[in-house]
Amino acid sequence: MAKVIQAFNIVFLALISIAKLLIVAMTVIVGVTVYLRYVVGHGVRWSAEMAQVLQVWFTFIAMALGVRKGMHISINIMPENLSPKISFVLAKLQNVLVAGVGVVLFMYGRQLVQSTMRSVLPATGMPSGYLYLIMPICGVLLTAESLIDLFGIDRRDAWMAPYLGEDEIELEKTVEHGREEAKRLFGVEVSETEVKENGDG
């Protein structure tokens, strides 16, 4: 199990690098296209299509990373002062639901890739399946990350901090500790942003 967790940690780091390359590539392609179209007078035929492919891949990679880091937008429709047991159950239910979404993405994403590999994108000529290939990959990552959270498995990711540009993992632990202390001492919920701003001050 430890080797599997470490493998997903490596994949996580690789996805961060890929996401950075994708956003840079999209920026360059769109920027060059705008310049050529409005300054030179003609554009690049495949630019819009390639930017679309990169955007789709970036979106699904960001989805997987967001699940791992808990960065997706959430709406609280339940009272915030629920008992710890109920909060625990709701958190586990969330993990189950996200894992279910991951399974759906994998199953139907795989079918979509298989059914579109024989067609080609009009501008680039690449198989259309490449556009959707990230869907089943994202499904596997969503399911894996959700199951890790569901069963409380140690991610063993302390070694990753230097590769993230800053001590992000330690920062997250400090922020979470600050939120827990505020709730314990004052009975109030403090957002992650407020904890970081107070820490910076």
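The values are calculated or read from the model by the stated rules, or taken from the named source; none is laboratory data. All figures in this text were calculated on a predicted structure; none of them were measured in a lab. Here the Cβ positions follow ideal geometry from the backbone for every residue, glycine too, while neighbour counts run over all protein chains shown.
What to note about this one:
The rows are residues; the columns are (1) surrounded by fewer than 18 Cβ atoms within 10 Å (Cβ to Cβ); (2) of a type in the set (Gly, Ala, Ser); (3) free of Cβ contacts under 8 Å to residues at least 40 places away in the same chain.
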position: His72; (1), (2), (3): yes, no, yes
position: Pro84; (1), (2), (3): yes, no, yes
position: Val98; (1), (2), (3): no, no, no
position: Gly102; (1), (2), (3): no, yes, no
position: Pro127; (1), (2), (3): yes, no, yes
position: Tyr132; (1), (2), (3): no, no, no
position: Gly139; (1), (2), (3): no, yes, yes
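- Qualifying position, being within 30 Å of Trp159 (Cα to Cα), over 13 Å from the mean Cα position of the chain (by Cα) and either assigned to a helix (DSSP H, G or I) or at pLDDT 85 or above (or both), among Leu65, Leu21, Leu36: Leu21
- Meets criteria (part of a helix (DSSP H, G or I) and closer than 29 Å to Asp157 by Cβ) for Ser74: no
- Yes/no for Arg68 being of a type outside the set (A, V, I, L, M, F, W, C) and loosely packed, with under 15 Cβ neighbours inside 10 Å: no
- The set of residues in segment 88-112 that are β-branched (Val, Ile, Thr) and farther than 17 Å from Ile61 by Cα comprises Val89, Val96.
- Of the candidates Ile23, Ile18, Ile10, Ile61, the single residue that is closer than 20 Å to Leu97 by Cα and in the same structural domain as Ile137 (by TED's automatic domain parsing) is Ile61.
- Leu13 surrounded by 12 or more Cβ atoms within 10 Å (Cβ to Cβ), in contact with a Phe, Trp or Tyr (Cβ under 6 Å, 6 or more places away or on another chain) and at pLDDT 90 or above: no
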